[in-house]
Structures are given as structure tokens and as C-alpha cells.
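Coordinate-derived values only; no laboratory data. None of these values were measured; they are calculated from a predicted model. Here the Cβ positions follow ideal geometry from the backbone for every residue, glycine too, while neighbour counts run over all protein chains shown.
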Amino acid sequence: MTNISKSKYKDYKADRLKYPEMENGKPIIDLESHKFTKIWQGPQHPGVTGNMSLEVIINGDEVVNSKTHVGYLHRGFEKLMERRKYIQCFPIVCRMCVPEPDTNEYCVSAAMEDLAGIVIPEKAEWLRTLNLEMSRLGSFLMWIGGQASSLGMGAIGQWTIGMRDFWLDLFEEMTGGRVYHMYMIPGGVRKDLPAGFKEKAKDLIIKTRNLLFDIEKSFFNNAIVKSRLIGLGIISPEMVDEYGIVGPNARASGREYDVRINNPYVKYAELNIKMITSTIGDAYARAELRYQEIHQSLDLISQILDKIPDNGEIQAKLPNVLHWKIPAGQTYVKAESTRGEHGFYMVSDGSEYPRRVFLRGASYTHAISVLEKLIVNVSISDIAALMVSLQTCPPEIER
Amino acid sequence: MKLKDILSPFSVWKKAAQKPWTIIDPINDRPGAENYRGFHRNDFEKCIGCGSCEEICQNAAIDMVPVEGQETKEGNSGLRPRIDYGRCCWCALCVDVCPTGSLTMSNEYTWIADEPEEYRFVPGAAKTKWHDEEKGYKRSQDIQLIDYDRVDMFELSPQERDKSFIEIVKGYNKEQAMKEAERCLECGICIATCPAHMDIPGYIAAIRDDDIENAFRILYETNPLPEICGRICTHKCETVCALHNNGESIAIRWLKRYIADQIPPEKYKEVLGTEHLEDPILNKKVAIIGAGPAGISAAYYLAIMGYKVKIYEALPDSGGMARYGIPEYRLPYDQIDMDYDYIKSLGVEIQFNTKVGEDISLEQLHSDYDAVFTGTGLHLGRSTRISGSDNERVYFATDLLREVSLGNEIDVAENIVVIGGGNVAMDITRTLTRLQNQKFGKVQVLTTSLESEDIMPADREEVVEAREEKAIIDPGWGPKKIEIENGKIKGLHVVKCTSVFDEEGRFNPKFDENQKKFFEADMIVESIGQGMDLSYLSEEIKSGLKFGSRGRIQVNENFQSDLKWLFIGGDIIEGPDVIHGIANGHIAAKAIDTFLKK
């Protein structure tokens, strides 16, 4: 914001105090004037989070205006589900978010259970809680690697992706799949914990804590990180309401809202969990908040492991799934993903197929409108860092 | 800027001295987890080719295909799932839904092949390296995506039923029927097995949709006796039901009864669209001998095609063996009448008490009618021909059952032995226990058969219910001699039967003469099979027919005999049971139509 890039040209200075000129509160951007350059960041660009694209207009090194473009990843999940029987939906929804598929699985199963009036067994609730929290942890580990890499620190990304893989090993043992777990189905979960799982998970928690200690020293206590992230992409408390910002992005701006605490689902009400907030609202505050939430996740996982009952049913009895009809109705089920409130709206018309399934993902606002607002005046070298600090996930936008 | 923030990041250098986490050779050093969802396995011994996996696959990655070495047989379509790994998403829903548990997944996740086509194969047929692996994803016993438990049927308790001939099974109500219909996988294996090839998944689906009228129309497409079949069908469909492999098969028979019970008789014509079918539109006539299931089935389909049909029946009422061979507690007579009254209302005429061969000759029928269908059934008893079996107190089960149905009193003794292990033996046993209960207030009937308990041909529930009604079933004995003293029966000598069939599966009983028993009795009933009475066929007609094994007349696949005008079906050709008769009658009706239009 304060760095004004220096121009080689004598007749034109990229003076951000002068350009763009404003008329009725709107910038006049005329590409023919040679004062501005249009560049595309994405859809193939290591600096964007997934397949989306930013059409950025810069003056010197600084962004003057930007438009976000989506549509590179559209697979029509919501529409596909309208042609699938209820039980056939769970292998689809997990693909709406690669790093954190389980929130989708949970929401779609819980929505069906809500509409059909199915109460799932106690143990299944605990296993779901464990699965959801492990999935949050996996997603955070991926995020922190991305945040570090966006600032040029590839090593931290390698550590965390490596550590995430150890957690994926646990997912593999628990669910039978590494990335897409397809673990939660309407009525409960598909498998019980394998023998020795709790011990392995507890060991890995210690290992992860050690890694986090390294990350704290190299990433958070880092002059470069601080100089680049502090003051970047400030979200004001007013913006939270204006844009509908949720999750860590909102909590870092002082909004005390976490679905796990405000509207506890599965077994979160029985866990000791504290709201983490910050009032600064810049990229560094968001990073620190997420870092604390990683610790919180590890703490929750060990609480859950202690509380999971050894015995009990894992699946409520379903009617024959080949022609399972759910009574007509509608419901909205939400959960806290790492990006914020993640909700599924489901309508049933009483037939064997869902009439409408709608996903409200946090990224829809964060990656489209919030990013367009925050990107103005940011140096192009910081676009990636800004985007990752909002932790956006394009597949969630294009369901 | 703090000095700490500049120095602290250099601490990462310590990582340079640490061992990397990378696995050097993941293909060999890193097997999948215990329940990893890898490539599929299919156990052909268990797989019945029901296609539930194909149905549930949301990626349409599974096709059911014929496989070399897999034959189509009863309860097995002979098809096997072929999986396209270009489409498969490894969700394992196919494994969870597999009713036999044959389909599982290995923990193998790496595989290299040159041709893309190789990634589409039939697991189990292609020899894959993971085929014999133990590890991998299997359906957890804790989850059930299909309901394997049958909805219980309300039945009278032994105390409520053992003195009367009131129907035992009470039938499903709407809620129960819909719940039971919900369980169907719609695999259609039952259709192939049912002799009449009824559209079973079709009418079960109609029950689920609560569209009983449509269900009723589906029944009549292939079976004009739903009230009868809904009660006493031998339900081969249930024996092969895909759910039978891992749980209880769908109560197909009772669902059929549920449909038939819902439609009042006065609405039959309206529902089936036969209101205007009064006068035959074709000027050809068909005579039918015997008003049993085969005859009435042929009559029904001929009548709705527009033929004039007349049935000649020797006994005073309709139903054949369904009425005169099956006790009322299993099949109440008013239910038989309900099916028959509807068919009679379509213009089918039945002339009772008219025995062909005595009251009217077959030649006469041949000259009066354009075609003749005969389904005269198995009404004669067979004798063991052991010493003493010619005594007047030795009866045939078929004769006694007929007498009971006719309403005639039979002279029930206090101590009875029944010889036979089939359903007819159970019918007479349970009829006699009721009559004894009515007459003496106690039961003393003993039923013995050549076959041991495990291979008794009677339905299991019949044996169980007979015992509940205090009959003694003592199987595995061969009758040797009936002990007679002063012309009165004292009892039956039996010896242990060690095996009934020889190695080639032929009837060739072996006995152990050292193991003997004596069953005291003053009345003995033989129920070791039924014979046919073909005395109505004159020598001239017989000379025009061919006879096959066990004296059965040979007919072609349309039940047409060598005499082109004579069609033959029912128990004397196939079975013996109701559903074969119905199927024969239907096929013969179509063949008669073709024959008469030539």
C-alpha cells in the first residue's frame, strides 16, 4: 500500500496516488491509455487455490481492480444428486472439497436423517465427530503449507503435507479410503475403529504438536512473514455482516461465531471447546487464529478418543436403500468446516430422489466478492498470500 | 522488527540432519490398510448374478455380463458383474449392498497394464493377483442397507387351531405388506424360476406404491387364481429369492394374497377391464376336462381371447385337487369360489358331476368341440403294497382328503399311523389330528416316512406346525409289514431306512434290518404319492398318443399331444402343484388359439 513502484518510463509514472482517476466514486480504467495492464492469475497458476481465475488490472505492481472468474471446475454435483437415489449421494458429495470431504458427507447424511426422522446411534455420533475433527485438522495442515508456500517457503509445505499424509494413513485404516473417505452414510458410519487405532492417533498427535512447534519458530516468528502478512487484506467487523463472512475469517475480525459452539452438532456439546477470536482482522491474525485452531483440533481429537465408547451400534436401521423414499420436506443442516459455516439445504418431494440439494459453502463469498474487495491496492506478489489467507476452495463455489 | 524474528527461522536447518519421511518403494513397502477399498473380488461360488451391484452403482461402472463357465440355473442368472475401473469411484456401495456377500474389495491399489481395455474386467473370472488375498474391504455385519428380516405374519396359535379347520394364516395388513414389499431388490431371479413367470417385482413395486389395482392386473396377466396361489403356492420364487442367501426371502406368496384380498369380488371386472366381455366373439368352442387349476387357467385365457369354453368336472364342485386335496385350514373354500366365480362370470361354463369316459366320451367332445384341453390331475392313491395293506382300515390319503372336502364323515380311529413324508402326508396328518380332537378330545397320530428329517420333501413349516398340533413325526423308517389280528390292524412294523436314493440320484432305498420298530395303530393311511386316472382315454385315442417315463403322456412345449386337437396339462404332465398347472393352462391356451386360427 505504501510501496509505489518505480517506473522506467520518463513520461509516465505509475503513481497510485494519481491513477486510476476517479469519476463518481468509480475508477476510470482505460487499457488503451497504457497506464494499466491486465493480467490473468489462474486458472492454471500455482498461486490460486484450485481452479479459479483472477482477472487483475494492475498499475505498476499494484492491483487496481479485479474480477474473479469461476466455471473451470463445474461438475454439477447438485444436479447429479437429483438423479441419484438417496444412498447414492454420499460418494458424490465428498468430491465437493478435496482437503476436507467429510463435512460434506456429514451434512448430506444428517440432512437425510433429519428429513427421514432417523436417529443415529451414540457410537456413530462419536465416530462422526472424530472423523470431522480429523478432517478439519487435515485441511488446516494443507492450508498452512499453502500459506507458507505462497510466501516462498516451500519447506513448510512439505512438512505439513507429509504430516497430513500420516493423518491420511489413519483415515485409510478407519474408513478404507485416504482422500475421499465415503465413511458417513445416512444412519451412521460404515466401519468401527480398527484395533490399535487410538494408540496410533495419540502418537500422531504428539508428532504433529512437535511439527507445529517447528512451524511456530520458522513461520510465525519470521520477520519476512510478519512484514508481508501484517496489514494484508484487513477484514473490518462491518464487512463480516456486509459480505456474510464466516469461520476463521470472521473470528479473526472479532465475530464470535463457530457452529460447533453456537449450534453444536454430533457430539461437540460434550467436548471442552473454547471460542478462539482475534480483533485485528488481517492475514497474519487469520493465520495465527488458524494455528491456534490446529492446536484446538488436536486437543479435541484426544478428547474424542478418550470418550468414544468401545461397544455399541454404528448404524441405525435403514429401509431398503434401493427404493428408499424420504417424506416430503425441507431442511438446512450446517457444520463448521475449516473455512466456516458449511450448510446443505435439501428438499424432498417424497420420491426416491432428492428434489434439490444446495450447498452453502463459505468460499462462495470469500473467494468471489470478499477477494475482489480486499485485492485492491495489494501488490501482485501478495495476491497468492491473500487468497490463501482467506482459505478459499473453488469446488465449493461450483457445485 | 525483533531480532528473534530474524534468527528463529534458521532453526529449520536442524531438519537437514533428520531422516526423510518418504517411502522409498511404495509399491512393495506400503500395502493398503486392512479394510482398504481396492480392486474388487467376486466369489463365483456365492454370486447369484442378481445385479444389485449394477443397480446401486451411481457411476454406472458395473454391467452384468455372461461369463464362460457360469450357467443360468434356478436361483442364479449366470451373469456376473463386470467393473469398468475408468468409471468406478471405489465407494464400495456395491459391496455393502451385495445380498450374498460374494462381492468384496481387496486392499490392492496399484496395478499396471498395457491396454486400457484391461481395466474393465469381471472380478472372479479374470485371474488377478489379489483374488485370493484375505485383506480388503468387506461388508461390516453392523450395517444393513437391505432389510434381511421378514415381516412376521399373524398366525393362529396351536391351541386356537388344533380343533377346527379355520384358516391359520391371517394375511398382512397394509402397513405390513408395504414394509415387506420394501425389502425387494427387484433382481427378478424369481421371475425366471416361477413356472408361470409372474412379474413378481412388478406387483411388489405396485404394493410399495400402494397401487393395488395395478398389482391385481399384473397378477392376472399370468395367474388367474391369485387367492389360491396366494395361500398354497409351492413358492419356488421364495426358495431362490436373493435375500434367502443371507436372510429371509421376501414373503412373495403372502404379498400376492394381500393384493387379491384387497379387491372385493364385485370390483374384479372393473379393475381387470373385462366388464364388456360377456359373449364370445369367436365362433370356435373349446372343451376342458377337469375344473382344477390347469383347466380353469386355460379356460380363463381362452375366454378373454373370445372363445366359448365349457369345462366338464367329475366332482360336484370346482377346484380339483386345490379343493379336494388341500385341507380347508390352508385354503378356505370361499377363497376358491372367489377366483372361480369371477372366471365363471366371464362366460366359462362348468358342468359338474360329469365324468368324461362315463357320462360323456372323449370322442364325443372331440366331435362337438374344436379343441380339447385335459387336466385331470392326480387323484388316485398309491399303495406301499406291503403285507396287510389290502385291509379295509388301510386308506389312501387322497381318498380321505376328498371325503372330508365333500363333507362326508370318516371313521376316525383313536390310534392312526400315516406313511409318507410329503405335503399330502402332512395335510392328512393335520386333518386327522383335528378330527381326532373333535371326536376324542386327544390326538394320537404318528407319521413316518422313508426320508430322514433333513430330506423330508414336506415344507419345513408343515412339519413344525404338525408337531405343534401334537402329531408325532418319526421319519427315516421303511414300512415292512402291517400286523393284523383277526382282521383288525394291530400296527405297523418298520425297519431303519439308511438311504433313499442311490449315487445316481435314483429312488433305491436301503434298509438296516437290525433296527426295527413297531408302531401301534388301528388305522393306517398311505400317502406315498399320487397316480393319474387315464381310464377316460379309449384304446383308439391311446394308440394315437406317446407315453414317456412313469406313464406320463408326451406333449410338446405347448402342451399339445400327438393328437393335434388334444392338449394336456396340469399335474399329469408337470408338478404336481398349482402353479405348474396354471402355467401349463396359460401356455396351452395360447397354443390352442394358434391351432384354431390356422
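Which whole DSSP H helices in chain B pass both tests: a Cα extent of 27 Å or more along the axis and a mean Kyte-Doolittle value no lower than 0.0?
In chain B, the long hydrophobic H runs are B:578-597.
Can you give me the relative contact order of the stretch B:380-530 as a percent, contacts being Cα pairs under 8 Å and 6 or more apart?
About 32 percent, as a whole number.
If you rank A:83, B:87 by fewest surrounding Cβ atoms within 10 Å, what's the result?
A:83, B:87
Apply 1/(1 + (r/R0)^6) to the Cβ-Cβ distance of residue A:202 and residue A:377, taking R0 = 41 Å, and write down the FRET efficiency to the nearest 0.05.
So, using R0 = 41 Å, E works out to roughly 0.30.
Report the Cα centroid-to-centroid distance between the stretch A:63-89 and the stretch B:277-329 in angstrom, as an integer.
The stretch A:63-89 and the stretch B:277-329 have Cα centres separated by 63 Å.
Measure nothing but the geometry: give the 0 to 90° angle between the long axis through the Cα atoms of A:102-116 and the longest principal axis through the Cα atoms of chain A, rounded to 10°.
50
Please list, in order, the residues from the stretch A:284-298 whose amide nitrogen is less than 18 Å from a point placed 7 Å along the Cα→Cβ vector of residue A:269.
None, by backbone N distance to the label point.
By DSSP, what percent of the beta bridges with both residues in the protein assembly as shown are antiparallel, rounded to the nearest 5?
70
For peptide B:137-150, compute the average count of partner chain beta-carbon atoms within 10 Å of each residue's beta-carbon.
The mean count of partner-chain Cβ atoms within 10 Å per residue comes to 5.
Quick one: order B:203, B:301 by neighbouring beta-carbon count within 10 Å, fewest to most.
Listed from fewest to most nearby Cβ atoms, that is B:301, B:203.
With θ set to phi - 60°, apply the Karplus curve 6.51 cos²θ - 1.76 cosθ + 1.60 along the stretch A:140-155 and write out the HN-Hα couplings as whole Hz, x wherever there is a Gly or Pro.
Values, residue by residue: 5, 5, 5, 4, 5, x, x, 5, 5, 5, 5, 9, x, 9, x, 4 Hz.
Taking the dipole about the Cα centre of the protein assembly as shown, with the C-beta of Lys and Arg at +1 and of Asp and Glu at -1, give me whichever of A:76, B:528, A:338 is farthest to the positive side.
Most positive-ward Cα: A:338.
Of B:49, B:116, B:91, whose Cα points farthest to the positive end of the dipole of the stretch B:26-121 (charges on the beta-carbon: +1 Lys, Arg; -1 Asp, Glu; origin at the Cα centre)?
With unit charges placed on the Cβ atoms, the residue in question is B:91.
Which order do B:513, B:221 fall in if you start with the one that has the fewest other Cβ atoms within 10 Å?
Ranking B:513, B:221 by Cβ neighbours within 10 Å, fewest first, gives B:513, B:221.
Give me the percent relative contact order of chain B, please, defined on Cα pairs under 8 angstrom at least 6 residues apart.
12
If the only charges are +1 at each Lys and Arg Cβ and -1 at each Asp and Glu Cβ, what is the size of the charge dipole of chain A around the Cα centre, to the nearest 20 debye?
Computed charge dipole of chain A: roughly 540 debye.
Evaluate peptide A:182-192: per residue, the Cβ atoms of other protein chains within 10 Å of its Cβ; return the mean as an integer.
4
Would you mind checking the tilt of helix A:283-307 against the longest principal axis of the Cα atoms of chain A, expressed as 0 to 90 degrees and rounded to 10?
With both axes taken from Cα atoms, the answer is about 10 degrees.
Count the net charge of all other residues whose Cβ sits under 11 Å from the Cβ of residue B:159, scoring Lys and Arg as +1 and Asp and Glu as -1.
Here the charged neighbours net out to -1.
Pairs to check: B:267/B:308; B:310/B:542; B:284/B:590; A:198/B:135; B:236/B:470. Give those whose C-alpha atoms are more than 25 Å from each other in this structure.
The pairs that break the limit, which is 25 Å between Cα atoms, are B:236/B:470.
Using alpha-carbon positions, what is the distance between the centroids of the stretch B:372-429 and the stretch B:49-93, in Å?
Comparing the Cα centres of the stretch B:372-429 and the stretch B:49-93, I get a distance of 49 Å.
Name the GluC sites (Glu not before Pro) in the stretch B:87-172 that are in a loop by DSSP and that have at most 12 other C-beta atoms within 10 Å, would you?
For GluC sites (Glu not before Pro) across the stretch B:87-172 that sit outside H, G, I, E and B with at most 12 neighbouring Cβ atoms in 10 Å, the list reads B:134.
Can you tell me the relative contact order of the stretch A:144-193? Whole percent, Cα pairs under 8 Å, sequence separation 6 or more.
Relative CO of the stretch A:144-193 lands at 21 percent.
Taking amide H positions as placed in the peptide plane 1.01 Å from N, state which residues far from residue B:498 in sequence (5 or more) or on other chains have amide H under 5 Å from it.
B:510, B:511, B:512
Using the per-residue mean of other Cβ atoms lying within 10 Å as a proxy for protection, in what order, highest first, do the peptides B:323-335, B:494-506 fall?
B:323-335, B:494-506
Taking each residue in A:314-326, count the Cβ atoms of any other chain within 10 Å of its Cβ, then average. What number comes out?
Mean inter-chain Cβ contacts per residue within 10 Å come to 6.
Would you please give the FRET efficiency between residue B:499 and residue B:533, computed as 1/(1 + (r/R0)^6) with r the Cβ-Cβ distance and R0 = 45 Å, to the nearest 0.05?
Taking R0 as 45 Å, the efficiency between residue B:499 and residue B:533 is 0.90.
Classify the stretch A:278-394: rounded, prolate or oblate, from the alpha-carbon gyration tensor (a ≥ b ≥ c, eigenvalue square roots; a/c under 1.5 rounded; otherwise prolate if a/b is larger than b/c)?
Taking the square roots of the gyration eigenvalues as a ≥ b ≥ c, the stretch A:278-394 is oblate.
What is the Cα centroid distance between the stretch B:160-238 and the stretch B:561-596, reported in whole angstrom?
If you average the Cα positions of each part, the centres end up 24 Å apart.
Where a ≥ b ≥ c are the square roots of the eigenvalues of the C-alpha gyration tensor, would you call the stretch A:173-249 rounded, which needs a/c under 1.5, or, failing that, prolate if a/b is larger than b/c, or oblate?
oblate
Filter the trypsin sites (Lys or Arg not before Pro) in the stretch B:1-81 to those in DSSP coil with at most 10 other Cβ atoms within 10 Å of their Cβ, and list the result.
Loop-located and lightly packed - B:2.
State to the nearest 20 debye the size of the charge dipole of the protein assembly as shown about its Cα centre, where the only charges are +1 on K and R beta carbons and -1 on D and E beta carbons.
Dipole about the Cα centre, nearest 20: 4080 debye.
Length gain on complete extension for the stretch residue B:354 to residue B:111, per 0.36 nm per residue less the alpha carbon to alpha carbon distance?
Extra length from residue B:354 to residue B:111 when fully extended: 79.9 nm.
Using a Förster radius of 51 Å, what is the FRET efficiency between residue B:4 and residue A:72 based on their Cβ-Cβ separation? Nearest 0.05, please.
The computed FRET efficiency comes out at 0.75.
Explain nothing, just the number: dipole magnitude of the stretch B:380-530 about its Cα centre with +1 on each Lys and Arg Cβ and -1 on each Asp and Glu Cβ, in debye rounded to the nearest 20.
The calculation lands at about 360 debye.
Net charge around residue B:517, counting only other residues with Cβ within less than 15 Å of its Cβ (Lys, Arg = +1; Asp, Glu = -1)?
0
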